[in-house]
Amino acid sequence: MVRSWGRRRDVSADGPSGAAGRLADRRVAVRLTGVTRLFGEGPTAVRALDAVSVGIGSGTFTALMGPSGSGRSTFLHCAAGLDRPTSGEVRLGAQDLSALGETGLTRLRRTRVGFVFQAFHLLPSLTVEQNITLPLRLAGRTADAAWFDHIVSAVGLRERLARFPAQLSGSQQQRVAVARALVTRPEVIFADEPTGALDPETARNVLGLLRQAVTDLHQTVVMVTHDPAAAAHTDRVLFLSEGRLVDEMTAPGAGRVAALLSELRGTT
Ligand SMILES: Nc1ncnc2c1ncn2[C@@H]1O[C@H](COP(=O)(O)OP(=O)(O)OP(=O)(O)O)[C@@H](O)[C@H]1O
Ligand SMILES: [Mg+2]
């Protein structure tokens, strides 16, 4: 289903040092250092993230898991420059996001980041095609026709390009949101439950597309999911509980992920 694309740049990703060594060797695409995000003030404040520190290697596929309300969306929003931490530092590559004003952050989001929102956030007055290509237009770029065709086919939207979001099922809307995040070939793709509304086969196609972004194009993908089968497509799983990073797993298998997740759910 998903065909192969040439590497964007040559990385020595297939050396003999094994998956863990390769991950450790790579440049860090996203780094959070002591990131705390409070909502509200005083004794009733919610600590959505609590001193989270982690580096995410460039050209890796990471899943972010944890019980509902554990801070996964807040993590993605802070990491992508959509929200500002209360304290701590977020870097995208070498760029400290707190050093950027609103204009700088907007530019960074348009040029270096792709985001799949948990609630899709499609623009109702634009067609499927216009929604997908919107990030290109905002960045003053034109679509690479072959790449656009490839994405649209991989997410199965070819027949629906002229429709409006209100004419689509939840699954179709989610696939538009995924295509829109990929169309600019950003350095980092943040995806909040990108397979939550999809049937298993469509979910596998979308996960294949995200994997391809990592393997063929050396992009970095960070994906929130509640599904251990989806997490098994990634290189590394980070586990959040009550805003804290409590565990991680490399080369994750669905069974091990499910066991750890149910342990975490039992403790919250
Ligand atoms: N804008 C906000 N105002 C107040 N509290 C918030 C806000 N956003 C998140 N929270 C709170 O922060 C905590 C973490 O929320 P977050 O949305 O990051 O969790 P999550 O793991 O993505 O959960 P889920 O997607 O299952 O709802 C929750 O207790 C949530 O109620
Ligand atoms: Mg969420």
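Read the figures in this text as sums done on the coordinates, not as results from a lab. Note that this is a predicted model, so its numbers are computed, not measured. Note: ideal-geometry Cβ built from the backbone for every residue, glycine included; neighbour counts use all protein chains shown.
Computed values, structure above
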| item | result |
| --- | --- |
| For the chain, built as a Gaussian network whose Cα springs stay under 10 Å, the top-fluctuating residue of Thr184, Thr62, Thr202 | Thr202 |
| The chain shape via C-alpha gyration tensor axes, a/c threshold 1.5 | rounded |
| Net charge, Ser68 excluded, C-beta distance under 15 Å - Lys, Arg +1, Asp, Glu -1 | -2 |
| Gly114 long-range amide H proximity, modeled H, under 5 Å | Val188, Ile189, Phe190 |
| In Hz, Karplus ³J(HN,Hα) per residue of the range 239-248 (6.51, -1.76, 1.60; θ = phi - 60°; x = Gly, Pro) | 10, 9, 9, 6, x, 10, 7, 10, 6, 8 |
| Cβ-based net charge around Pro252, under 13 Å, with every Lys or Arg adding one and every Asp or Glu removing one | -2 |
| Cα gyration tensor category, rounded, prolate or oblate, for the range 216-263 with a/c compared to 1.5 | oblate |
